[in-house]
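Following: one structure in structure tokens, then a few remarks.
FYI, it's all coordinate maths here, none of it is from the lab. Note that the coordinates shown come from a computational prediction; the quantities given were computed from them, not determined experimentally. Neighbour counts run over all protein chains shown; Cβ positions are idealised from the backbone, glycine included.
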Amino acid sequence: MKIAIYALAKNESANVARWEESCRDADVRVVTDTGSTDDTVALLEAAGVLVARGAPIPWRWDDAHNLSLMHVPADVDVAIRLDLDEAFDPGWREALERAWVDGTTRLHYPYHWSADVRFYGDRVHARHGHRWQGATHEGLVCWDGEEKVVRIDDLVIRHHREPGKVHKSDLTLLRQACRENPADARMHWYLARELDTDGNEEAAAAYERYLQMAGGSPHERAHACRRLSRLRPERADLHALAAVWNSPHEPEVYASLAGKAWGMKDAVGALYWARRALACSDQNRTHSSEPWAYGAIPADIAYSAAYELGLHDEAITHAREAAKRDPADHRHAGNVAALVRMKSEDGPKP
């Protein structure tokens, strides 16, 4: 099996060493430089990376990545887009070779965008039969044959975003992508999300248009409903229920309802909804997830509500879960110790 890594680069000198070290096990590494003015090219070439040059005019991300893919030799079996601010965990090649059975066209693998945001990526693909599509938020599409996707957990890619770096959203490219593919629900979701992030008053209407379209993933549709529950407060409950209907295995709505109930001093309701949130698997995280709902907050509410209701054993369980989810907050460990001490003191006496 011949494996190639490909990427775009522009002024990425700070990332070269980590990137090239992580992917040395590849047979081919080719980077398309789009106009660096620092020593990115020199560092890559010194590390034995093949450097090509070029950039589409006008700029579009799909054209740029397709140009980068074109520089991958034709005899490669598996191509991996690994951006310069990303890196593999060790052992990636062995994991890929174990998983890539006959007929495989793409792998889904754990992608750690940040400490809080993790989901399954899809940029490990057969060299032939794929291309990038979309002016921005480009997606990899199969245009030749049928996809056979294999999901694995032991090939991990981590994103190493520069601290303080602000990602510039490009609404011009997103609007263009939606004009080109008016039935592409995924692109309309990205447009609505960018408008929402920018505080644009068009966001609510954009989410509503998206939800009227066919397609879209359950996670993205649930995210749109959750956002509408805040942007359209007069219909908040209806949108919250729609979010649960679209993706009942995500904790955000349950955690929000638990917090709302606890704020109203409704311990029974708070415990019920917090339990629902805690029952959601961390494996359901996607790029549309809200990290706080997977953190300590639901467990903290469950602990408090259970204690209020006299369910001390359950309170200890939830307090321990809160400490596990957020070990940096020593308050949770203190709650565990206090509960265990109280249970011991209240236990049967000889």
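Ranking 5, 73, 37 by how far each Cα lies toward the positive end of the dipole of the range 2-74 (charges on Cβ) leaves 73 at the top. Contact order for the chain, expressed relative to its length and based on alpha carbon pairs under 8 Å spaced 6+ residues apart, stands at 11 percent. If exposed means no more than 11 neighbouring beta carbons inside 10 Å and the site is in a DSSP loop, what's the longest run of the chain without any exposed GluC sites (Glu not before Pro)? With a cap of 11 other Cβ atoms within 10 Å, the longest stretch comes to 202-350. Applying 1/(1 + (r/R0)^6) with R0 = 25 Å to the Cβ-Cβ distance of residue 94 and residue 149, what FRET efficiency is obtained, to the nearest 0.05? Efficiency, from the Cβ-Cβ distance: 0.80. Taking a ≥ b ≥ c as the square roots of the Cα gyration tensor eigenvalues, the range 3-116 comes out prolate, since a/c reaches at least 1.5 and a/b is larger than b/c.
Using the Cα coordinates of the range 168-247, the gyration tensor eigenvalues translate into equivalent-ellipsoid semi-axes of 21, 15, 9 Å, sorted from longest to shortest. Each residue in 239, 137 was given a count of other beta-carbon atoms within 10 angstrom of its own, and listing them fewest first yields 137, 239. Electrostatic bookkeeping for residue 271 treats Lys and Arg as +1 and Asp and Glu as -1; over the other residues with beta carbon under 15 Å from its beta carbon, the sum is -2. With a sphere of radius 14 Å drawn around the Cβ of residue 24, what net charge do the other residues whose Cβ falls strictly inside it have (Lys, Arg +1; Asp, Glu -1)? Charge balance near residue 24 sits at -3.
Cβ crowding within 10 Å ranks 342, 1, 187 as 1, 342, 187, fewest other Cβ atoms first. Here the average projected area of the convex hull drawn through the C-alpha atoms of the range 249-350 stands at 6.8 nm². For the range 165-243, the set of trypsin sites (Lys or Arg not before Pro) satisfying both a DSSP loop assignment and a count of at most 13 other C-beta atoms within 10 Å is given as 165, 168. The calculated FRET efficiency for residue 200 paired with residue 2, based on their beta-carbon distance and R0 = 45 Å, is about 0.45. Here 249, 125 are placed in order of increasing Cβ neighbour count within 10 Å, fewest first, which gives 249, 125. Here is the P(r) of the range 26-68: all C-alpha pair distances, binned every 5 Å from 0, give 5, 22, 29, 21, 16, 6, 1 in whole percents. Each Cα pair of the range 216-285 feeds into the Kirkwood radius, which the Stokes-Einstein equation turns, at 10 °C and 1.306 mPa s, into a diffusion coefficient of 131 µm²/s. Within the chain, how many Lys pairs sit with Cα atoms under 30 Å apart, leaving out pairs fewer than 8 places apart on the same chain? For the chain, the number of qualifying lysine pairs is 10. Rounded to the nearest 20, the Cβ-based charge dipole of the chain about its Cα centre (Lys and Arg +1, Asp and Glu -1) stands at 740 debye.
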